[in-house]
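No value in this document is a laboratory result; all are computed from the given coordinates. As the structure is a prediction and not an experimental result, all values here were calculated from the model. FYI the Cβ positions are ideal-geometry reconstructions off the backbone, even for glycines, and counts take in every protein chain you see.
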Amino acid sequence: MNYNIISTGSQGNAVVVDEIILIDCGISFKALKDVYKKLQIVLLTHIHADHFKRSTIKRLAKERPALRFGCCEWLANELVEAGVSWRNIDVFEIGKVYDYEVFKVSPVKLYHNVPNCGYRLFTNGEKGIYATDTGHLQGITAKDYDLYMIEANYTDEDLQERINAKLEAGEYSYELNVASRHLSHEQASEWLMDNMGEKSEYVFLHAHKDKSR
Ligand SMILES: [Zn+2]
Ligand SMILES: [Zn+2]
């Protein structure tokens with residue numbers, strides 16, 4: 001299973017798997033210019049703008065009239081409002097497996113401040129999982145997958161430092177909410193150790209980047 005990270009993190013998310021599956025669409029259409037022609041499906045996760053950019057979704061639907069869009073129920077109307085025809089939208093249920101012949105997809109429930117999901121992908125006998133923007137991965141297992149694309153947003157130490165600095169400066173610290181909405185490096189590593197096999201590959205996504213550094 002190969003992956004192409006077009007962008008990851010709060011500035012925008014988009015990852016292409018095996019050239020045909022786009023997960024998240026929080027970037028400009030221009031950033032997709034080299035990849036959009038081969039896509040067969042766009043999998044959306046949640047409504048935050050770094051994952052769901054309406055103008056890009058609209059343009060993709062226009063340029064590629066047969067392109068499919070997959071999401072859970074909380075994004076179906078949003079896709080229609082963005083300009084995608086109902087005929088092109090597949091609305092998934094958490095835990096079910098959807099067979100597209102060349103690949104299969106199954107959404108997993110994640111834990112964020114808005115409804116969110118990740119995706120298990122099955123292609124050419126290989127297994128992959130994509131999960132970002134989640135407070136934890138409890139109850140999710142993916143033993144011996146070929147590819148793990150997992151959020152490692154912050155380290156505990158770094159987050160604590162950022163919180164302390166803001167509080168000392170008398171500023172509001174949005175970081176106080178980060179731990180309940182995002183996965184730490186430590187959580188991601190621990191979960192990977194429980195799940196990875198000898199041949200598994202992983203990549204960390206959605207790392208926090210401080211603009212001041
Ligand atoms: Zn995000
Ligand atoms: Zn988010």
Computed on Cα atoms only, the convex hull of region 67-160 has an orientation-averaged projected area in nm² of 7.7 nm²
Quick one, can you get me the convex hull of the C-alpha atoms of region 127-213 expressed as volume per residue in Å³? 89 Å³
If you split all Cα-Cα distances of the chain into 5 Å bins from zero, what percentages do you get per bin, shortest first? 1, 7, 15, 19, 20, 16, 10, 6, 3, 1, 0, 0
Size of electric dipole in region 3-205: Cβ of Lys, Arg +1 and of Asp, Glu -1, about Cα centre, debye, nearest 20: 1220 debye
Ranked output for segments 116-129, 40-53 by mean other Cβ atoms within 10 Å, highest leading, reads 40-53, 116-129
Run the numbers on region 1-152 and let me know its relative contact order in percent, using alpha-carbon pairs under 8 Å that are six or more apart. 15 percent
Could you run the Karplus curve 6.51 cos²θ - 1.76 cosθ + 1.60 with θ = phi - 60° over region 17-32 and give me ³J(HN,Hα) per residue in whole Hz, x for Gly and Pro? 10, 6, 6, 10, 10, 9, 10, 6, 9, x, 9, 6, 4, 4, 5, 9
Starting from the Cα of residue 96, draw a straight line to each of the lysines and keep only those under 24 Å, dropping any in the same chain fewer than 8 residues away. 104, 109, 127, 143
Could you identify which residue out of 202, 148, 172 has the top mean-square fluctuation in a GNM of the chain using Cα springs shorter than 10 Å? 172
Check cross-link reach from residue 33 to the lysines: straight Cα distance under 23 Å, and skip same-chain residues fewer than eight apart. 53, 58, 62
